[in-house]
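Quick notes on the structure that follows.
The values are calculated or read from the model by the stated rules, or taken from the named source; none is laboratory data. On a predicted model such as this, the values are computed, not experimentally measured, just so you know. With ideal geometry, Cβ positions are generated from the backbone for all residues, glycine too; neighbour counts draw on all protein chains shown. These area figures cover heavy atoms from the full protein model, side chains too; ligands, DNA and RNA do not enter into them. Shrake-Rupley method; radii C 1.70, N 1.55, O 1.52, S 1.80 Å.
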Amino acid sequence: QLQASGGGLVQAGGSLRLSCAASGRPLSRYFMGWFRQAPGKEREFVAAISWSGGSTYNTDSVKGRFTISRDNAKNTVYLQMNSLKPEDTAVYYCAAKADSARKWDYWGQGTQVTVSS
């Protein structure tokens, strides 16, 4: 089970840190990612991180602003979001998969991020 938290309301230019905690299985076995879905839009990929944290991937719109990281000892993945923009407003979901080449196996329940202008 994945539990996302850390969302909230922030002004443009502000920061938030999202957390995704796993229970029932060691997170170290999974390639982890963050996705978001804005109202009326399809869910989109935001960032991903390899099992050890040695490799990270970001969509172009968040490069230089968002950083994904993980602490396998705490069974938690983070998304540090800086310089937030109103267009970052969305429900953010964490996801996990055992094989980086395959579909995502598990999804968290989502946490709302709202950026005011």
Quiz prompt | Residue identified as more than 21 Å from Ser117 (Cβ to Cβ), open to solvent by 70 Å² or more (accessible area, probe 1.4 Å) and of a type outside the set (A, V, I, L, M) among Tyr57, Tyr78 | solution = Tyr57
Quiz item: Do you know which of the residues in the stretch 1-36 that are farther than 14 Å from Val77 by Cα and open to solvent by 70 Å² or more (accessible area, probe 1.4 Å) is modelled with the lowest pLDDT?
Solution: Gly24
Quiz prompt | Positions within the stretch 89-117 being of a type outside the set (Ser, Thr, Tyr), within 25 Å of Ala12 (Cα to Cα) and either open to solvent by less than 60 Å² (accessible area, probe 1.4 Å) or free of Cβ contacts under 8 Å to residues at least 24 places away in the same chain (or both), in sequence order | solution = Ala90, Val91, Cys94, Gly110, Val113, Val115
Self-check item: Failed condition for Glu44, given (1) more than 23 Å from Asp105 (Cα to Cα); (2) surrounded by 12 or more Cβ atoms within 10 Å (Cβ to Cβ); (3) of a type in the set (Asp, Glu)
Solution: (1)
Exercise. Out of Ile49, Ile68, report the one residue that is under 19 Å from Gly8 (Cα atoms), under 14 Å from the mean Cα position of the chain (by Cα) and free of Cβ contacts under 8 Å to residues at least 40 places away in the same chain.
Key: Ile68
